[in-house]
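Student: Quick one: the structure is below, and I'll ask about it shortly.
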Amino acid sequence: MIELIHTKPCLVFGCGNPLFGDDGFGPEVIADLESHHDLPDHAACLDAGTSIRDFLFDILLATEKPKQVIVVDAGDCAGKRPGEVFEIDIDEMDPKKTSDFSLHQFPTTNMLKELKTDTDMDVRILVGQIENIPDKVSPGLSPAMAAAVAKASRRVLKMIAKEAV
């Protein structure tokens with residue numbers, strides 16, 4: 001998996017913990033992309049689970065960087081409906097979640113901002129609006145988020161096609 005970081009111009013990361021309900025959205029999107037779609041040769045999908053920071057750190061240190069990074073994650077944004085899929089700007093990411101395995105915490109946010117501002121890389125964040133993330137282990141997406149997986153996959157495929165290299 002690590003060799004893909006150094007050989008593919010487009011990387012799609014699915015973030016989240018599938019043991020905690022809707023937090024498993026990112027990995028579910030990656031599973032859908034890998035099992036139901038033909039990805040172009042220039043792209044690779046990676047289930048980052050709760051380790052996105054490790055992958056981003058490797059990219060920051062690499063001499064050859066991908067041209068595009070797409071991060072898919074679950075989020076809780078005011079005014080959004082459960083299952084809604086939307087793109088957010090890295091500069092708008094809320095770092096207030098500091099005690100969980102969220103993409104939205106520092107230093108992950110700082111690394112994403114650094115990739116965006118200090119390289120010519122296209123960094124995109126695609127989010128599915130959660131219905132609920134349980135306090136205890138409870139695998140499986142809510143119906144709204146399960147329905148959003150296919151929507152997110154289509155959005156990712158359009159992003160990849162638009163940035164074909």
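Every read-out reported here was derived from the displayed coordinates using simple, explicitly stated rules and does not represent laboratory data. Bear in mind the structure is a predicted one, so any value in this text is a computation, not a measurement. Backbone-built Cβ (ideal geometry, glycine too); neighbour counts: all protein chains shown.
Student: Say each of Glu87 and Leu61 gets a label point 7 Å from the Cα, pointing the same way as Cα to Cβ; how far apart are those two points in nm?
Tutor: Label at Glu87, label at Leu61, 3.1 nm between them.
Student: Using the alpha-carbon centroid of each, what span in Å lies between the range 124-165 and the range 17-81?
Tutor: If you average the Cα positions of each part, the centres end up 9 Å apart.
Student: Could you pull the Rg and Dmax for the range 37-82, using just the Cα atoms, both in Å?
Tutor: 13.9, 40
Student: I've got another one for you. Ordered by residue, what ³J(HN,Hα) values in Hz, to whole numbers, does the range 45-51 give under the Karplus form 6.51 cos²θ - 1.76 cosθ + 1.60, where θ = phi - 60° and Gly and Pro are x?
Tutor: 10, 9, 7, 7, x, 9, 10
Student: Same structure, new question: Using each residue's phi in the range 36-42, evaluate 6.51 cos²θ - 1.76 cosθ + 1.60 at θ = phi - 60° and report the 3J(HN,Hα) Karplus result to the nearest Hz, with x for Gly and Pro.
Tutor: 10, 9, 9, 7, x, 4, 7
Student: For a protection proxy built on the mean count of beta-carbon atoms within 10 angstrom, sort 124-133, 138-147, 56-65 highest first, please. Display every interim value, and only then the final one.
Tutor: Numbers: 124-133: 22.4, 138-147: 16.3, 56-65: 13.4.
Descending packing order for the listed peptides: 124-133, 138-147, 56-65.
Student: Of the cross-linked pairs Lys136/Lys158; Lys113/Lys136; Lys65/Lys158; Lys80/Lys151; Lys8/Lys80; Lys67/Lys113, which ones have a Cα-Cα span greater than 24 Å in the structure shown?
Tutor: Beyond 24 Å: Lys136/Lys158; Lys113/Lys136; Lys8/Lys80.
Student: Rounded if a/c is under 1.5, else prolate if a/b beats b/c, else oblate: with a ≥ b ≥ c from the C-alpha gyration tensor eigenvalues square-rooted, which is the range 4-66? Spell out each step's value before the answer.
Tutor: Details: a/c = 4.17, a/b = 1.28, b/c = 3.24.
Oblate is the answer for the range 4-66, as a/c is 1.5 or above yet b/c matches or exceeds a/b.
Student: When the dipole is taken about the Cα centre of the range 1-72, and only Lys, Arg (+1) and Asp, Glu (-1) are charged at their Cβ, what size is it in debye, to the nearest 20?
Tutor: 320
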